[in-house]
Every structure is written in C-alpha cells, then in structure tokens.
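Contents: one structure, followed by commentary.
The values are calculated or read from the model by the stated rules, or taken from the named source; none is laboratory data. None of the values given here were measured: they were computed from a predicted structure. A quick note on method: Cβ atoms are made from the backbone with ideal geometry, for glycine too, and the neighbour counts reach across all protein chains shown. Ligands, DNA and RNA are stripped out before the accessible areas are found, and what is left, the full protein with its side chains, is counted by its heavy atoms. Shrake-Rupley method; radii C 1.70, N 1.55, O 1.52, S 1.80 Å.
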Amino acid sequence: VAQPPVAPQYFQSGGEKRVPFTGLRRKIAAHLVKSKQTAPHFSYVEEVDMSRLVAVREELLPLAEDQGVRLSYLPFILKAVIEGLKKYPVLNATLDEDTQELVYKYDYHLGIAVATDQGLIVPVIKHADQKSLFALAQEISDIAGRARTGKLHLDDVKGGTFTVTSIGSIGGMFGIPIINYPEVAILGVNKIEKRPVVRNVGGQDQIVIRDMMYLSISCDHRIVDGAEAAHFVKDVISYLQAPSRMLVEEM
C-alpha cells in the first residue's frame, strides 16, 4: 500500500527555497520528456454542443444520488470515447519500441489524469467498456480519490491503452495535452461554457445560447494520421451530442 506523501526536505539560501527534484515529480518529468522526444505530436481541436448531455445529466442526478454515485460528465465522455475507439482501433494501440511493433489492444483500459500534490498521476480504469455509466462514475470517484491520498496500488497505474485528461474545472478555453507514452493518443476535455452560436431554427439561422465545450486530441503522428484523429473526435462528438444513443446501447 502506498504511503502518504512526505513533505520534501529543503534548505534556504537568501530569498530562495530549494527543493530536491526527486521522487514521483522527477519520474513524471522524465516520462513527459520521453514522450515529447520520441513521439512527434500533432493536435486537433473541435467544439461540442453539450446542451443535450447537460440536460440528461441533470435528469439522472437524483437517481445517481439515491445510489450514492457522484455523476460527473466524465463517465459520459468515457462511454463516447470507447465507441470511438471501437471504430478507430489504431487510437487504442501502443507502440513497442523494442520490437518495432504496433500493438492493437482489444481491451479498453482508460487512463484518467488526476492532479495530486505530488504531480499528475494517471490511474487506469480496466475494462471500461464492460462497465455501466454509474459503475464508471463510481470507479472514477474511487480511483481519483485514492490517487489524491496516495493510496493507489501499482496495478492501478499500469496497462492503460488510451488516456483522457480533464482540465475543465480549472478553466481556460482548451489545452494541448502530452501523450501518455507508449500510448498513441490522449484526449483533452475542457470546460463547458454557455456561448452564443448560430443554429437553424424553423428554417432560419438564429443566434442561440448553448452549452459548448472544446475537445483537444494529441496523437503520435508516426502512427495516427490527422484524418483518423479528426474522424475519431467527430465520432465521439456524435455520441456526446446525442447521449440517448449511449443510454440505449447500455440496455
């Protein structure tokens, strides 16, 4: 069992504070550097009209609360991601550098990036495709909570095939995430914000207020072409904008 984080030892000199660059923070840094140096990144950003999903979540909140489930938007997004990965399996692959083989994964082990006091940790939800919406929500709450309190097991952070990172609660329009190497793609989920958009209403273009969100994907260009990434994101968006499809397919 992981031990609680220990405050780093440091010495002060004048107006500075020096903290040893060791432990988990250093390992995370090395992993990110390897990802950027090894995988030629490219990114693609698209916007999503989340208005229907916002309404569906609101309707499900009382039922979720009755079952002790904290229902965020992330379980819906993971469901949509899984459907997209099934259609574009190259994004659920990893690259074996030693054998120079692209390894297609038939399991959907989704990493979720969690900010902790020690840095960004990516625990993995195993067999996410086999879990219901509420089961995903429950596991997200559990594994994210254990990540923040230093109670993850080694197996909790191994075996991921695709990662989703969400910074929507912090703000900003969108971010460009770094691939969680050796995976070949990562999806950034950004804030939902009411914005004026143009929609056809009764045959006329009108400005309406909708709940909008940006999705940003980064991919390893050695493996994934831009068109594949764009089609994948469009497929994810199609599910997010018609959430009843996800609920029907659960039944």
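One table, with the values for the structure above:
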{"read-out": "Scan of the range 19-54 for residues that are free of Cβ contacts under 8 Å to residues at least 12 places away in the same chain and either among the aromatic types (Phe, Trp, Tyr) or within 28 Å of Phe76 (Cα to Cα) (or both), ordered by number", "value": "Phe21"}
{"read-out": "Verdict on His127 being under 16 Å from the mean Cα position of the chain (by Cα), exposed (fewer than 13 other Cβ atoms within 10 Å of the Cβ) and not basic (Lys, Arg)", "value": "yes"}
{"read-out": "Positions within the range 186-205 being of a type in the set (S, T, N, Q) and either open to solvent by 80 Å² or more (accessible area, probe 1.4 Å) or on the phi > 0 side of the Ramachandran plot (or both), in sequence order", "value": "Asn200, Gln204"}
{"read-out": "Selection within the range 138-167 - open to solvent by less than 50 Å² (accessible area, probe 1.4 Å), closer than 23 Å to Lys86 by Cα and of a type in the set (Ser, Thr, Tyr)", "value": "Thr161, Thr163, Thr165"}
{"read-out": "Residue match in the range 103-123 (condition: in contact with a Gly (Cβ under 9 Å, 6 or more places away or on another chain), open to solvent by 60 Å² or more (accessible area, probe 1.4 Å) and aromatic (Phe, Trp, Tyr))", "value": "no"}
{"read-out": "Complete set of residues in the range 119-128 that are assigned to a loop (DSSP other than H, G, I, E, B) and either in contact with a Phe, Trp or Tyr (Cβ under 7 Å, 6 or more places away or on another chain) or more than 22 Å from Ile176 (Cα to Cα) (or both)", "value": "Lys126, His127"}
{"read-out": "Residue in the range 102-118 that is modelled with pLDDT under 90 and part of a loop (DSSP other than H, G, I, E, B) present", "value": "yes"}
{"read-out": "Within the range 1-30, tally of residues that are under 17 Å from Val157 (Cα atoms), among the β-branched types (Val, Ile, Thr) and modelled with pLDDT of 75 or more", "value": "1"}
{"read-out": "Test for Val54: is it of a type in the set (A, V, I, L, M, F, W, C), open to solvent by less than 60 Å² (accessible area, probe 1.4 Å) and either modelled with pLDDT of 95 or more or at negative phi (or both)", "value": "yes"}
{"read-out": "First in the range 67-84 and closer than 14 Å to Met50 by Cα, second anywhere and aromatic (Phe, Trp, Tyr) and part of a helix (DSSP H, G or I), Cβ under 7 Å, 6 or more apart", "value": "Ala80/Tyr239"}
{"read-out": "Filter pass, Phe76 being in contact with a Pro (Cβ under 9 Å, 6 or more places away or on another chain), of a type outside the set (A, V, I, L, M) and crowded, with 21+ Cβ neighbours inside 10 Å", "value": "yes"}
{"read-out": "Whichever residue in the range 189-248 is assigned to a strand (DSSP E or B) and among the small types (Gly, Ala, Ser) and, among such residues, is nearest to Pro89 (Cα to Cα)", "value": "Ser218"}
{"read-out": "Some residue of the range 171-179 being farther than 29 Å from Asp107 by Cα, open to solvent by 10 Å² or more (accessible area, probe 1.4 Å) and outside any loop (DSSP other than H, G, I, E, B)", "value": "no"}
